[in-house]
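Okay, so here's the structure we're looking at.
The values are calculated or read from the model by the stated rules, or taken from the named source; none is laboratory data. Treat the numbers as computed from the prediction; the structure is a model and nothing was measured. Quick reminder, even Gly has a Cβ in these numbers, built from the backbone with ideal geometry, and neighbours come from all protein chains shown.
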Amino acid sequence: MFSDEALFHYTLLFLLFLTAPYGKHVRPGWGPTIPPPVAWFLMESPTIWLTLLLFPHGKNNGNPRAFLLMSPFLLHYLHRTLIYPLRLYLKTRNGKIQKSGFPASVAMMALGFNILNAYLQARWVSEYADLESDGWFRWRLAAGGMVFFGGALVNVWSDNELMGLKEGGGGYKIPRGGLFEWVSCPNYFGEILEWSGWALMTWSWAGFGFLALLVLIWCRGLEQITSGI
């Protein structure tokens, strides 16, 4: 059996040197594909239904503080599960992206991650968090909330700009203007801000564990930088 440290090292090497085959990096050899909007809906949906299933069974389910903590998490994933796939479909239904597809194998890996992550975040907030004795709760909620929603604005704006480039097809385009002149991948930067804010709000091992996502986002951003953006 691998130790946790060995598993981390192998995973990091895998992420650094193997380009995830979706978006402009899609290529044969990863099995059947599904339409990108369907892939996004399926792989992100556990963060909604699993969270809503678990939350009522925790000892904090009636605590307003627990509700306040879970709300940003659910709002982000309501957008990512429902609104983003719908907008992606409407923007690209006549374009090449719909024809290229999203590897089902990659979607299944993301589905597994989201099931695990939704379980950890929902169980921590609903069951294990000691919310009443936390004297810094309001300060962390306010500071983390500002970081989170600032990141959300950056993320949504960046996604909107990128979807605008996809509209009507025409092949790969390099985004210009706004944060794209200052940050190589502002959509990933926005997510980094969001989950940094979430970690600050929850102040938990589950929340800070989610910051491992920064490694995945950084690796994906590195692929974009080295491939031309």
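Here is a yes/no grid of residues against (1) closer than 17 Å to A152 by Cα; (2) surrounded by fewer than 17 Cβ atoms within 10 Å (Cβ to Cβ); (3) at pLDDT below 65; (4) among the polar types (S, T, N, Q):
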{"position": "P186", "(1), (2), (3), (4)": "yes, no, no, no"}
{"position": "E191", "(1), (2), (3), (4)": "yes, no, no, no"}
{"position": "W195", "(1), (2), (3), (4)": "yes, no, no, no"}
{"position": "A199", "(1), (2), (3), (4)": "yes, no, no, no"}
{"position": "S204", "(1), (2), (3), (4)": "no, no, no, yes"}
{"position": "L211", "(1), (2), (3), (4)": "yes, yes, no, no"}
{"position": "V215", "(1), (2), (3), (4)": "no, yes, yes, no"}
{"position": "I225", "(1), (2), (3), (4)": "no, yes, yes, no"}
{"position": "I229", "(1), (2), (3), (4)": "no, yes, yes, no"}
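The residues on offer are T92, T11, T51, and the sole one that is touching a Phe, Trp or Tyr at 6+ places or on another chain (Cβ under 8 Å) and either surrounded by 18 or more Cβ atoms within 10 Å (Cβ to Cβ) or modelled with pLDDT under 90 (or both) is T51. Taken as a whole, the condition of being modelled with pLDDT of 95 or more, surrounded by fewer than 18 Cβ atoms within 10 Å (Cβ to Cβ) and not in a loop (DSSP other than H, G, I, E, B) does not apply to S126. The residue of segment 62-79 that is farthest from the chain's Cα centre (by Cα), among those that are touching a residue at least 12 places away in the same chain (Cβ under 8 Å) and under 20 Å from G135 (Cα atoms), is N63.
Among the residues of segment 176-203, those that are touching a helix residue (DSSP H, G or I) at 6+ places or on another chain (Cβ under 8 Å) and acidic (D, E) comprise E191, E194. Of everything listed in (1) over 30 Å from N60 (Cβ atoms); (2) at pLDDT 90 or above; (3) in a loop (DSSP other than H, G, I, E, B), the single unmet condition for P175 is (2). The numbered conditions (1) modelled with pLDDT under 95; (2) of a type in the set (A, V, I, L, M); (3) closer than 27 Å to P186 by Cβ are all true for A152 except (1). For segment 107-123, a tally of residues being touching an Asp or Glu at 6+ places or on another chain (Cβ under 8 Å) and either surrounded by fewer than 17 Cβ atoms within 10 Å (Cβ to Cβ) or modelled with pLDDT of 90 or more (or both) returns 1.
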